[in-house]
Structure formats: structure tokens, C-alpha cells
Amino acid sequence: MTHLNRDDLMGLETYAEKRGAFRAQVMAHKKDRQLALGANATLYFEDRMTVQYQIQEMLRIERVFERAGIEDELQVYNPLIPDGSNLKATFMLEYPDPIGRAAALAQLIGIEDCVWMVAEGHERVYAIADEDLERQNEVKTSSVHFLRFEFDCAMVSALKAGANLAAGLDHANYAVEIGSLAQPVRTALVADFT
């Protein structure tokens, strides 16, 4: 997938007019791009459309229309677009109660390095986490992480040929395994390998 540039984005006025329809399209698209890992962890897989939506929303909220501001947003979000040999995801640890969330995050330090995916017949691919900045400290992890899963050519070929795709987490305090991704999710993710 190619990165976005200024010409791919709508100006603020045009976006205001098309926002409702574009948002509906993106929400439908995102439905098959998420994977629950147990009750409190979810992977939201990014692609060109999800990143464009995020940029458009940031420009709208911040009322950015200057070239430099737009370029800044592109520079921040373009790295979330898959490069053809990988999957990229926002990893969310979701706990509704703030006190429970704080306690859980203290018990889940390093969880972002324990998320894995595997193409049937191959080794697990562990996430490369938070390449932009560190999101944990000595007392807790963050509730949001950005992950990249890098697949080699043999893995990509196997997935394109129909191999099963599985995922999981193997943290000491949070372990889960999804033996086979639902077909709509698998199809959406395999399409990222271009």
C-alpha cells in the first residue's frame, strides 16, 4: 500500500460535506479489521483507508488547513499503513473502570511484546511494538500500543494460498489463543499483503 499525500486528502469544507458518508464507509470497512484477544484486548488493524479517516478527523478537529500542519499529520500517521510484507495494528487494552484499568495495566507491563500472529506451518511472528515512542514505564504499560507484524515471503505466500491465520497473547498475566481468525477478518488482512 502506498502512503497518503496531500492530494489524497479532502479539504476541510469538502470533508464536512462528505464526512457522514465517508465515516459510514470506514466503519463498515473496520468491522472486518478488528480482532478481540480475550475480554480486554483488541487489535484494530490499520490500512490506507483507516489512516486516511484518522488524518481527516485530526485535521477537522484541529482545524488544520496549512500545508505544514497537513504534512505533520501525514508524517505521524503514514507509518501505520502496511508496507506489503506486514500487518499494522493499534493494540488497545480496554477496561471500563478506571481503578480496575490502573491495576490491570500495572500487571501487564510488556504485554505489547507478547502479541503474536502465525501463518499455518510457520513460526509465530511477534509484534514489533511502539516504534515511534516508548509507551510503558516501570509501574505500568499504556492502554494503547502501535504494533507491526513482519511476515517473510514464505509466510505471505502461504497465507495467499489459503493457509490458516492464528493470533494470540502469551503474557504471564494475560494469555489467549485464537486458533483460526474468522474468514472475513482473515480475508481483509491477507489483502494487506500486496
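No value in this document is a laboratory result; all are computed from the given coordinates. A quick note: this is a predicted structure, and the numbers were derived from the prediction, not measured. Cβ placement follows ideal geometry from the backbone for every residue including glycine, while neighbour counts extend to all protein chains displayed.
Given springs between every Cα pair under 10 Å in a Gaussian network model of the chain, which of A161, A102, A127 has the largest fluctuation?
A161
Across region 34-48, in residue order, what do the Karplus-derived ³J(HN,Hα) couplings come to in whole Hz, using 6.51 cos²θ - 1.76 cosθ + 1.60 with θ = phi - 60° and x for Gly and Pro?
For region 34-48, the Karplus curve yields 10, 9, 6, 10, x, 7, 10, 10, 9, 9, 10, 6, 8, 8, 4 Hz.
Using the 2.2 N^0.38 Å rule of thumb for compact globular proteins, work out how region 1-104 stacks up: its C-alpha Rg over that value, please.
Cα Rg divided by the expected 2.2 N^0.38 Å: 1.21.
Restricting attention to region 1-105, which trypsin sites (Lys or Arg not before Pro) occupy a DSSP loop and are surrounded by at most 12 other Cβ atoms within 10 Å?
R63
Using the Karplus equation 6.51 cos²θ - 1.76 cosθ + 1.60 (θ = phi - 60°), what ³J(HN,Hα) coupling, rounded to whole Hz, does each residue of region 114-131 give in order, writing x for Gly and Pro?
So the Karplus estimates, Gly and Pro as x, are 10, 8, 9, 9, 8, 8, 3, x, 10, 6, 4, 10, 8, 5, 9, 9, 6, 5 Hz.
Over region 102-194, calculate the relative contact order: mean separation of alpha carbon pairs under 8 Å at least 6 apart, over the residue count, as a percent.
Once divided by the residue count of region 102-194, the mean separation gives 30 percent.
For S85, which sequence-distant residues (separation of 5 or more, or a different chain) have an amide H within less than 5 Å of its own amide H, given hydrogens modelled in the peptide plane?
Those qualifying (amide H under 5 Å, at least 5 residues apart or on another chain) number zero.
So what are the ³J(HN,Hα) numbers for region 83-92, from phi and the Karplus equation (6.51, -1.76, 1.60; θ = phi - 60°), rounded to whole Hz, Gly and Pro as x?
My calculation for region 83-92 gives 9, x, 10, 8, 10, 10, 9, 8, 9, 10 Hz in order.
Provide the descending list of Cα extents for region 102-194 along its principal axes, expressed in whole angstroms.
44, 26, 22
What is the set of long-range amide H partners of A163 at a cut-off below 5 Å, with H atoms built 1.01 Å from backbone N?
none
For the chain, take the alpha-carbon Rg, divide it by the Kirkwood Rh, and send me Rg/Rh.
Expressed as Rg/Rh, it is 0.98.
Only Cα pairs under 8 Å and at least 6 apart count here; give the relative contact order of the chain as a rounded whole percent.
Contact order relative to length: 23 percent.
Quick check on the chain: helices-only [θ] at 222 nm, where DSSP H runs of length 4 and up contribute -39,500 (n - 2.57) each and the sum goes over total residues. Nearest 500, please.
About -11500 deg cm²/dmol.
To the nearest 20 debye, what charge dipole does region 102-194 have about its Cα centre, counting +1 at the Cβ of each Lys and Arg and -1 at the Cβ of each Asp and Glu?
Using only the charged Cβ atoms, the result is roughly 340 debye.
Give me M117, M27 sorted ascending by neighbouring Cβ count inside 10 Å, so fewest comes first.
M27, M117
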